[in-house]
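Asker: Have a look at this one before I ask anything.
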Amino acid sequence: MPLGLRKKKNKSRESSNLVENEEVSGHTGVGKSAVNGGGVGGLPPPPASLRPKLVFHTQLAHGSPTGRIEGFTNVKELYSKIAEAFNLRPDEILFCTLNTHKIDMEKLLGGQIGLEDFIFAHIKGIKKEVEVHKTEDALGLTITDNGAGYAFIKRIKEGSVVDDVKVICVGDHIESINGKNIVGMRHYEVARMLKELPKDQSFTLKLMEPMKAFEMLEPRSRGGGGKSSGEGKIGTGRETLRLRSKGPATVEEMPNEFEEKAVKKVDDLLESYMGIRDTELAATMVEVGRDKKNPDEFAMALDQALGDFAFPDEFVFDVWGAIGDAKQGRF
(Lines give C-alpha, C1' and ligand atoms only; values in the text may rest on other atoms or scores of the structure.)
Protein backbone atom coordinates (compact mmCIF):
# COMPACT_ATOMS: atom_id res chain seq x y z
CA MET A 1 0.00 0.00 0.00
CA PRO A 2 1.64 3.26 -1.11
CA LEU A 3 1.64 5.12 2.21
CA GLY A 4 5.08 6.72 1.81
CA LEU A 5 3.44 10.13 1.75
CA ARG A 6 4.49 10.54 2.30
CA LYS A 7 16.24 46.76 3.28
CA LYS A 8 13.20 48.56 4.82
CA LYS A 9 11.51 51.30 2.77
CA ASN A 10 11.44 54.91 3.88
CA LYS A 11 9.03 55.09 6.80
CA SER A 12 8.15 58.70 6.05
CA ARG A 13 6.54 57.82 2.74
CA GLU A 14 2.79 57.46 3.13
CA SER A 15 1.43 54.38 1.40
CA SER A 16 -1.36 54.83 -1.10
CA ASN A 17 -2.89 51.60 0.22
CA LEU A 18 -3.73 53.07 3.64
CA VAL A 19 -7.31 54.10 4.36
CA GLU A 20 -8.00 57.09 6.57
CA ASN A 21 -10.81 57.19 9.13
CA GLU A 22 -12.50 54.04 7.91
CA GLU A 23 -14.74 51.91 10.10
CA VAL A 24 -14.14 48.17 10.33
CA SER A 25 -17.63 47.21 9.20
CA GLY A 26 -18.53 47.09 5.53
CA HIS A 27 -14.93 46.81 4.50
CA THR A 28 -14.79 44.05 1.98
CA GLY A 29 -14.96 43.86 -1.76
CA VAL A 30 -17.00 41.23 -3.55
CA GLY A 31 -16.38 38.82 -6.35
CA LYS A 32 -17.42 35.38 -7.57
CA SER A 33 -14.67 34.40 -10.02
CA ALA A 34 -11.72 32.13 -9.40
CA VAL A 35 -8.57 34.06 -8.64
CA ASN A 36 -6.22 32.54 -11.17
CA GLY A 37 -2.81 33.13 -9.66
CA GLY A 38 -1.13 29.86 -10.47
CA GLY A 39 -1.05 30.10 -14.24
CA VAL A 40 -1.92 27.22 -16.59
CA GLY A 41 0.44 24.63 -17.99
CA GLY A 42 3.45 26.15 -16.26
CA LEU A 43 2.76 29.65 -17.60
CA PRO A 44 3.26 32.59 -15.21
CA PRO A 45 0.17 33.94 -13.41
CA PRO A 46 -1.73 36.78 -15.06
CA PRO A 47 -0.81 40.33 -14.03
CA ALA A 48 -2.56 41.71 -10.97
CA SER A 49 -4.53 44.12 -13.17
CA LEU A 50 -6.34 41.18 -14.78
CA ARG A 51 -7.25 39.39 -11.53
CA PRO A 52 -10.68 39.78 -9.94
CA LYS A 53 -10.80 42.69 -7.50
CA LEU A 54 -11.29 41.04 -4.14
CA VAL A 55 -10.45 43.76 -1.62
CA PHE A 56 -9.54 43.01 2.00
CA HIS A 57 -8.76 45.37 4.85
CA THR A 58 -5.84 44.92 7.21
CA GLN A 59 -4.03 46.40 10.19
CA LEU A 60 -0.83 45.63 12.07
CA ALA A 61 -1.85 43.78 15.22
CA HIS A 62 0.06 46.06 17.58
CA GLY A 63 -1.66 49.13 16.08
CA SER A 64 -1.65 50.96 12.76
CA PRO A 65 -3.88 52.74 10.24
CA THR A 66 -6.10 50.54 8.09
CA GLY A 67 -4.61 49.20 4.88
CA ARG A 68 -6.42 47.92 1.79
CA ILE A 69 -4.99 44.96 -0.13
CA GLU A 70 -5.99 42.99 -3.21
CA GLY A 71 -4.58 40.85 -6.00
CA PHE A 72 -2.95 38.07 -3.93
CA THR A 73 -3.41 34.36 -4.59
CA ASN A 74 -1.35 32.68 -1.88
CA VAL A 75 0.07 33.41 1.57
CA LYS A 76 3.42 34.73 0.32
CA GLU A 77 1.69 37.20 -1.98
CA LEU A 78 -0.63 38.21 0.86
CA TYR A 79 2.35 39.03 3.09
CA SER A 80 3.93 41.02 0.26
CA LYS A 81 0.76 43.07 -0.16
CA ILE A 82 0.50 43.76 3.57
CA ALA A 83 4.20 44.70 3.70
CA GLU A 84 3.72 47.08 0.77
CA ALA A 85 0.76 48.76 2.48
CA PHE A 86 2.76 49.44 5.66
CA ASN A 87 6.25 50.00 4.21
CA LEU A 88 7.62 46.77 5.70
CA ARG A 89 9.66 43.90 4.37
CA PRO A 90 7.54 40.76 3.84
CA ASP A 91 9.89 38.77 6.08
CA GLU A 92 8.95 40.98 9.04
CA ILE A 93 5.48 39.38 9.14
CA LEU A 94 5.27 36.30 11.36
CA PHE A 95 1.60 35.34 10.89
CA CYS A 96 -1.89 36.79 10.55
CA THR A 97 -5.09 36.42 12.55
CA LEU A 98 -8.63 37.06 11.36
CA ASN A 99 -10.94 39.55 13.09
CA THR A 100 -8.81 39.90 16.22
CA HIS A 101 -5.52 41.67 16.97
CA LYS A 102 -4.78 39.16 19.74
CA ILE A 103 -2.47 36.16 19.43
CA ASP A 104 -5.45 33.81 19.22
CA MET A 105 -4.48 30.57 17.54
CA GLU A 106 -8.14 29.70 16.95
CA LYS A 107 -8.32 32.76 14.64
CA LEU A 108 -5.09 32.03 12.79
CA LEU A 109 -5.21 32.70 9.05
CA GLY A 110 -4.89 29.35 7.30
CA GLY A 111 -6.06 28.26 3.88
CA GLN A 112 -9.28 30.26 3.82
CA ILE A 113 -10.25 33.90 4.30
CA GLY A 114 -13.89 34.92 4.52
CA LEU A 115 -14.70 37.69 2.08
CA GLU A 116 -15.73 39.85 5.03
CA ASP A 117 -12.79 38.96 7.27
CA PHE A 118 -10.47 41.67 8.61
CA ILE A 119 -6.78 40.66 8.55
CA PHE A 120 -4.42 41.53 11.41
CA ALA A 121 -0.69 41.05 10.72
CA HIS A 122 1.64 40.17 13.60
CA ILE A 123 5.20 41.34 12.97
CA LYS A 124 8.56 40.58 14.54
CA GLY A 125 9.11 41.86 18.06
CA ILE A 126 11.61 40.88 20.75
CA LYS A 127 14.29 38.24 20.24
CA LYS A 128 14.96 35.82 23.08
CA GLU A 129 17.13 32.81 23.76
CA VAL A 130 16.25 30.10 26.24
CA GLU A 131 17.77 26.85 27.45
CA VAL A 132 15.38 23.95 28.07
CA HIS A 133 16.14 20.72 29.91
CA LYS A 134 14.23 17.88 28.25
CA THR A 135 13.07 15.80 31.19
CA GLU A 136 10.35 13.98 29.22
CA ASP A 137 10.12 12.48 25.75
CA ALA A 138 7.36 14.96 24.82
CA LEU A 139 8.00 18.67 25.19
CA GLY A 140 4.31 19.63 25.05
CA LEU A 141 4.66 21.87 22.01
CA THR A 142 2.45 21.96 18.93
CA ILE A 143 4.07 23.59 15.90
CA THR A 144 2.52 25.26 12.87
CA ASP A 145 3.93 27.53 10.17
CA ASN A 146 2.88 30.61 8.26
CA GLY A 147 3.27 29.12 4.79
CA ALA A 148 6.21 31.43 4.08
CA GLY A 149 9.08 29.84 5.97
CA TYR A 150 8.38 30.64 9.61
CA ALA A 151 7.48 27.88 12.08
CA PHE A 152 5.97 29.02 15.35
CA ILE A 153 4.36 27.69 18.51
CA LYS A 154 0.62 27.14 18.25
CA ARG A 155 -0.04 25.36 21.53
CA ILE A 156 1.68 24.62 24.85
CA LYS A 157 0.32 21.69 26.81
CA GLU A 158 -0.44 22.49 30.42
CA GLY A 159 1.96 20.83 32.85
CA SER A 160 4.46 19.95 30.11
CA VAL A 161 8.22 20.52 30.00
CA VAL A 162 7.84 23.73 28.01
CA ASP A 163 4.95 24.96 30.16
CA ASP A 164 7.45 25.31 33.02
CA VAL A 165 9.62 27.64 30.92
CA LYS A 166 7.52 30.78 31.21
CA VAL A 167 9.52 32.83 28.71
CA ILE A 168 8.32 30.54 25.89
CA CYS A 169 4.91 31.65 24.63
CA VAL A 170 2.27 30.76 22.07
CA GLY A 171 2.98 32.72 18.88
CA ASP A 172 6.77 32.65 19.28
CA HIS A 173 8.62 31.99 16.03
CA ILE A 174 11.39 29.40 16.39
CA GLU A 175 14.50 30.72 14.65
CA SER A 176 17.02 28.05 15.64
CA ILE A 177 17.43 24.84 17.64
CA ASN A 178 20.86 24.27 19.20
CA GLY A 179 22.33 26.86 16.82
CA LYS A 180 20.82 25.28 13.69
CA ASN A 181 18.85 27.86 11.71
CA ILE A 182 15.42 26.45 10.85
CA VAL A 183 13.99 29.42 8.93
CA GLY A 184 12.50 27.99 5.74
CA MET A 185 11.73 24.57 7.22
CA ARG A 186 8.19 23.29 7.28
CA HIS A 187 6.44 22.78 10.60
CA TYR A 188 6.58 18.99 10.44
CA GLU A 189 10.37 19.13 10.02
CA VAL A 190 10.69 21.37 13.08
CA ALA A 191 8.36 19.14 15.11
CA ARG A 192 10.44 16.11 14.16
CA MET A 193 13.67 17.86 15.19
CA LEU A 194 12.23 18.73 18.59
CA LYS A 195 10.89 15.22 19.09
CA GLU A 196 14.27 13.67 18.26
CA LEU A 197 16.21 15.75 20.80
CA PRO A 198 17.69 13.38 23.41
CA LYS A 199 15.96 13.06 26.76
CA ASP A 200 17.68 14.22 29.98
CA GLN A 201 19.76 16.76 28.06
CA SER A 202 19.44 20.52 27.60
CA PHE A 203 18.95 22.32 24.30
CA THR A 204 18.81 25.96 23.23
CA LEU A 205 16.01 27.74 21.37
CA LYS A 206 16.30 31.13 19.71
CA LEU A 207 12.83 32.65 19.49
CA MET A 208 11.19 35.77 18.08
CA GLU A 209 7.97 36.90 19.72
CA PRO A 210 5.33 38.97 17.89
CA MET A 211 5.31 42.70 18.55
CA LYS A 212 2.66 43.65 21.08
CA ALA A 213 0.88 46.89 21.86
CA PHE A 214 1.00 47.93 25.52
CA GLU A 215 -2.59 46.88 26.16
CA MET A 216 -1.86 43.42 24.76
CA LEU A 217 0.75 42.62 27.41
CA GLU A 218 -0.92 39.95 29.51
CA PRO A 219 -0.29 36.42 30.83
CA ARG A 220 0.72 34.12 28.01
CA SER A 221 -1.90 32.06 26.22
CA ARG A 222 -1.74 28.31 25.74
CA GLY A 223 -3.51 28.68 22.41
CA GLY A 224 -7.06 28.24 23.68
CA GLY A 225 -10.08 29.52 21.84
CA GLY A 226 -11.58 31.80 24.47
CA LYS A 227 -13.49 34.67 22.88
CA SER A 228 -13.37 38.14 24.36
CA SER A 229 -15.65 41.09 23.76
CA GLY A 230 -15.38 42.71 20.36
CA GLU A 231 -14.09 39.58 18.66
CA GLY A 232 -15.83 37.22 16.31
CA LYS A 233 -16.66 37.23 12.67
CA ILE A 234 -17.37 40.55 11.06
CA GLY A 235 -20.30 40.53 8.69
CA THR A 236 -22.46 37.63 7.56
CA GLY A 237 -20.98 36.63 4.20
CA ARG A 238 -20.72 32.90 3.54
CA GLU A 239 -18.06 32.98 0.83
CA THR A 240 -14.35 32.48 1.37
CA LEU A 241 -11.16 32.93 -0.61
CA ARG A 242 -9.44 29.52 -0.57
CA LEU A 243 -5.66 29.88 -0.71
CA ARG A 244 -3.57 26.98 -1.95
CA SER A 245 0.19 26.46 -1.82
CA LYS A 246 -0.05 25.07 -5.37
CA GLY A 247 -2.45 26.25 -8.04
CA PRO A 248 -4.91 29.15 -8.16
CA ALA A 249 -6.90 30.57 -5.29
CA THR A 250 -10.67 30.28 -5.68
CA VAL A 251 -13.77 31.84 -4.18
CA GLU A 252 -15.86 29.11 -2.57
CA GLU A 253 -18.77 28.68 -0.23
CA MET A 254 -17.95 28.42 3.47
CA PRO A 255 -17.25 24.82 4.55
CA ASN A 256 -20.40 22.83 5.32
CA GLU A 257 -20.92 20.98 8.59
CA PHE A 258 -19.33 17.78 7.25
CA GLU A 259 -16.21 19.63 6.11
CA GLU A 260 -15.84 21.59 9.33
CA LYS A 261 -16.10 18.49 11.52
CA ALA A 262 -13.84 16.40 9.32
CA VAL A 263 -11.16 19.11 9.06
CA LYS A 264 -11.19 19.61 12.84
CA LYS A 265 -10.80 15.87 13.46
CA VAL A 266 -8.00 15.49 10.91
CA ASP A 267 -6.22 18.53 12.37
CA ASP A 268 -6.47 16.88 15.81
CA LEU A 269 -4.94 13.71 14.35
CA LEU A 270 -2.09 15.74 12.84
CA GLU A 271 -1.33 17.13 16.29
CA SER A 272 -1.57 13.71 17.94
CA TYR A 273 0.66 11.88 15.44
CA MET A 274 3.02 14.60 14.22
CA GLY A 275 2.94 17.47 16.71
CA ILE A 276 1.66 19.99 14.17
CA ARG A 277 -1.55 21.91 13.46
CA ASP A 278 -2.33 22.79 9.85
CA THR A 279 -5.92 23.45 8.80
CA GLU A 280 -4.94 23.88 5.15
CA LEU A 281 -3.29 20.45 5.14
CA ALA A 282 -6.26 18.94 6.99
CA ALA A 283 -8.71 20.50 4.52
CA THR A 284 -6.69 19.15 1.59
CA MET A 285 -6.77 15.64 3.07
CA VAL A 286 -10.54 15.83 3.57
CA GLU A 287 -10.95 17.06 0.01
CA VAL A 288 -8.79 14.19 -1.30
CA GLY A 289 -10.73 11.58 0.67
CA ARG A 290 -14.23 12.84 -0.03
CA ASP A 291 -14.96 10.50 -2.95
CA LYS A 292 -12.50 7.67 -2.28
CA LYS A 293 -14.02 4.24 -1.78
CA ASN A 294 -11.39 2.52 0.41
CA PRO A 295 -8.20 3.23 2.38
CA ASP A 296 -5.90 2.00 -0.41
CA GLU A 297 -7.42 4.40 -2.92
CA PHE A 298 -7.23 7.19 -0.34
CA ALA A 299 -3.56 6.43 0.40
CA MET A 300 -2.64 6.53 -3.29
CA ALA A 301 -4.45 9.85 -3.72
CA LEU A 302 -2.64 11.29 -0.69
CA ASP A 303 0.67 10.14 -2.11
CA GLN A 304 -0.05 12.02 -5.34
CA ALA A 305 -1.34 15.17 -3.64
CA LEU A 306 1.05 15.38 -0.68
CA GLY A 307 4.30 13.79 -1.73
CA ASP A 308 6.32 16.05 0.59
CA PHE A 309 4.84 14.42 3.70
CA ALA A 310 5.63 11.03 5.21
CA PHE A 311 2.62 9.82 7.18
CA PRO A 312 2.60 6.60 9.23
CA ASP A 313 0.17 3.93 8.04
CA GLU A 314 -1.95 4.05 11.20
CA PHE A 315 -2.38 7.81 10.77
CA VAL A 316 -3.69 7.37 7.22
CA PHE A 317 -6.20 4.76 8.39
CA ASP A 318 -7.35 7.00 11.23
CA VAL A 319 -7.80 9.93 8.83
CA TRP A 320 -9.79 7.71 6.49
CA GLY A 321 -11.97 6.68 9.42
CA ALA A 322 -12.47 10.28 10.53
CA ILE A 323 -13.63 11.31 7.05
CA GLY A 324 -16.01 8.34 6.99
CA ASP A 325 -17.40 9.26 10.43
CA ALA A 326 -18.01 12.81 9.26
CA LYS A 327 -19.82 11.58 6.14
CA GLN A 328 -22.08 9.43 8.35
CA GLY A 329 -22.67 12.23 10.84
CA ARG A 330 -21.07 10.24 13.66
CA PHE A 331 -19.28 13.22 15.23
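The values are calculated or read from the model by the stated rules, or taken from the named source; none is laboratory data. Remember, it's a predicted structure, so these values are computed and weren't measured experimentally. No Cβ is skipped: glycine too gets one built from the backbone with ideal geometry, and neighbour counts run over all protein chains shown. To get the accessible areas, we keep the full protein, side chains included, count just its heavy atoms, and leave off ligands, DNA and RNA. Shrake-Rupley method; radii C 1.70, N 1.55, O 1.52, S 1.80 Å.
Asker: Could you please put 317, 311 in sequence from largest to smallest accessible area, using a 1.4 Å probe?
Answerer: In descending accessible area the options line up as 317, 311.
Asker: Note down the nm distance, to one decimal, between modelled labels 7 Å out along Cα→Cβ at residue 199 and at residue 310.
Answerer: Between residue 199 and residue 310, the simple spin-label model gives 2.2 nm.
Asker: Under 17 Å Cα to Cα from residue 134, which aspartates and glutamates show up? Leave out anything in the same chain fewer than 8 places away.
Answerer: 158, 163, 164, 196, 200
Asker: How large is ³J(HN,Hα) for each residue in the stretch 154-167, as worked out from phi by the Karplus curve 6.51 cos²θ - 1.76 cosθ + 1.60 (θ = phi - 60°), to whole Hz, x for Gly and Pro?
Answerer: Values, residue by residue: 9, 8, 10, 6, 4, x, 7, 4, 6, 4, 7, 9, 5, 6 Hz.
Asker: For residue 170, which sequence-distant residues (separation of 5 or more, or a different chain) have an amide H within less than 5 Å of its own amide H, given hydrogens modelled in the peptide plane?
Answerer: Residues meeting the amide H criterion: 221.
Asker: Arrange the peptides 94-105, 183-194 so that the one whose residues have, on average, the most other Cβ atoms within 10 Å appears first. Spell out each step's value before the answer.
Answerer: Numbers: 94-105: 22.1, 183-194: 19.0.
Per-residue mean Cβ counts within 10 Å order the peptides as 94-105, 183-194.
Asker: Take every Cα pair under 8 Å in the stretch 121-202 that's 6+ residues apart, average their separations, divide by the length, and report that relative contact order as a whole percent.
Answerer: Computed over the stretch 121-202, the figure is 36 percent.
Asker: Hey, another quick one. Taking only protein heavy atoms and a 1.4 Å probe, what accessible area per residue, in Å², does the stretch 52-95 have with all protein chains in place?
Answerer: Details: 1410 Å² over 44 residues.
Roughly 32 Å² per residue, with all protein chains present.
Asker: Pairs to check: 102/264; 212/261; 81/166; 199/261. Give those whose C-alpha atoms are more than 31 Å from each other in this structure.
Answerer: Correct reply: 212/261; 81/166; 199/261.
Asker: Continuing with the same structure: What spacing in nm lies between the two simple spin-label points modelled at residue 293 and residue 158, each 7 Å away from Cα in the Cβ direction?
Answerer: If labels sit at residue 293 and residue 158, their model points lie 4.7 nm apart.
Asker: Less than 12 Å apart at the alpha-carbon level, and either on another chain or at least 8 residues along: which aspartates and glutamates does that give for residue 107?
Answerer: 117, 231
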